[in-house]
1. Output yes when any residue across segment 9-23 is surrounded by 12 or more Cβ atoms within 10 Å (Cβ to Cβ), part of a strand (DSSP E or B) and in contact with a strand residue (DSSP E or B) (Cβ under 9 Å, 6 or more places away or on another chain), and no when none is.
2. Since LYS47 meets every condition but one in (1) touching a His at 6+ places or on another chain (Cβ under 9 Å); (2) modelled with pLDDT under 95; (3) of a type outside the set (Val, Ile, Thr), which condition does it not meet?
3. Could you give me the residue pairs with C-beta distances under 6 Å whose first residue belongs to segment 27-46 and is under 10 Å from GLY16 (Cβ atoms), whose second residue is assigned to a strand (DSSP E or B) and modelled with pLDDT of 95 or more wherever it lies, and which are 6+ apart or on separate chains?
4. Within segment 1-43, track down each residue that is hydroxyl-bearing (Ser, Thr, Tyr), more than 10 Å from the chain's Cα centre (by Cα) and at pLDDT 90 or above.
5. Give segment 62-73 a look and list any residue that's out of contact with any helix residue (DSSP H, G or I) (no Cβ under 7 Å at 6 or more places or on another chain) and either outside any loop (DSSP other than H, G, I, E, B) or open to solvent by 30 Å² or more (accessible area, probe 1.4 Å) (or both), or say none.
6. Looking at HIS35, HIS25, HIS31, can you tell me which residue is touching a helix residue (DSSP H, G or I) at 6+ places or on another chain (Cβ under 8 Å) and not polar (S, T, N, Q)?
7. Looking at segment 24-53, which of its residues are touching a Phe, Trp or Tyr at 6+ places or on another chain (Cβ under 9 Å), open to solvent by less than 40 Å² (accessible area, probe 1.4 Å) and part of a loop (DSSP other than H, G, I, E, B)?
8. Could you give me the residue pairs with C-beta distances under 6 Å whose first residue belongs to segment 48-60 and is touching a residue at least 60 places away in the same chain (Cβ under 8 Å), whose second residue is in a strand (DSSP E or B) wherever it lies, and which are 6+ apart or on separate chains?
Amino acid sequence: EWDVIALQEPTIDNKGNTRVTHDWHVVYPTHRYTHPKRSRAVTLINKRINTNSWRQLPFPSTDVVIIQFSGAFSKMTLFNIY
């Protein structure tokens, strides 16, 4: 079982989305809608991880997704960089 999956060059449909099962939150780069370039990095967060324990940090690129997790361990930042 996986908690986080960092995808590179995900399959993107004609609506600009990637397809996943209902078990995942899909996190796209923060500039997905403001830059026409296709995103080459997508991060999947398993829905069993409480959404109050993580947040996306903004970054000015369509090829970078940054997620920060918080908990008893303090904070951990995960970078998905194409």
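1. no
2. (2)
3. Once the first residue is under 10 Å from GLY16 (Cβ atoms) and sits in segment 27-46, its partners that are assigned to a strand (DSSP E or B) and modelled with pLDDT of 95 or more give TYR28/VAL42.
4. If the condition is that a residue be hydroxyl-bearing (Ser, Thr, Tyr), more than 10 Å from the chain's Cα centre (by Cα) and at pLDDT 90 or above, then THR11, THR18, THR21 are the ones that fit.
5. The answer is VAL64, VAL65, ILE66, ILE67, GLN68, ALA72, PHE73.
6. Exactly one residue qualifies, and that residue is HIS25.
7. If the condition is that a residue be touching a Phe, Trp or Tyr at 6+ places or on another chain (Cβ under 9 Å), open to solvent by less than 40 Å² (accessible area, probe 1.4 Å) and part of a loop (DSSP other than H, G, I, E, B), then PRO29, SER39, ILE49 are the ones that fit.
8. Pairs found: none.
The values are calculated or read from the model by the stated rules, or taken from the named source; none is laboratory data. Remember, it's a predicted structure, so these values are computed and weren't measured experimentally. Backbone-built Cβ (ideal geometry, glycine too); neighbour counts: all protein chains shown. Side chains are part of the model used for accessible areas, which takes the heavy atoms of the whole protein and leaves out ligands, DNA and RNA. Shrake-Rupley method; radii C 1.70, N 1.55, O 1.52, S 1.80 Å.
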